[in-house]
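Peer 1: This structure is in structure tokens; I'll ask about it shortly.
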Amino acid sequence: MQLAHMIHAVSALLMLALMMGHIYLGTIGVKGAYSAMRTGWVDEGWAREHHALWYDDVKAGKIAARRSADAAPAAPSQPRTT
């Protein structure tokens with residue numbers, strides 16, 4: 001039982017360290033990663049550098065590429081009142 005507790009404690013600490021590293025890389029560790037998560041859009045340079053296979057598929061037309069102007073819903077002509 002003591003061995004199981006030690007393995008569990010070490011595993012928990014390792015997972016916490018990995019989680020903190022993952023959060024760091026997703027926010028301030030990689031330039032452009034946070035804005036990509038927040039908006040859902042990346043520029044071509046970022047896509048080419050970080051996800052080359054995905055970028056190649058989009059450029060080849062295998063994956064549809066939509067721009068934010070195409071995907072945004074039409075704005076109402078008058079403000080909504082509640």
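Peer 1: Once you have the Cα-Cα distance between residue 8 and residue 66, take 0.36 nm times their residue separation minus that, and quote the gain in nm to one decimal.
Peer 2: Gain on stretching residue 8 to residue 66: 16.3 nm.
Peer 1: Computed FRET efficiency, Cβ-Cβ of residue 24 and residue 1, R0 41 Å: what is it to the nearest 0.05?
Peer 2: Calculated value: 0.70.
Bear in mind these aren't lab numbers, they're just calculated from the coordinates by the rules spelled out. Quick caveat, the model's predicted, so the values are computed rather than measured. Cβ: placed from backbone, ideal geometry, glycine included. Neighbour counts: every protein chain shown.
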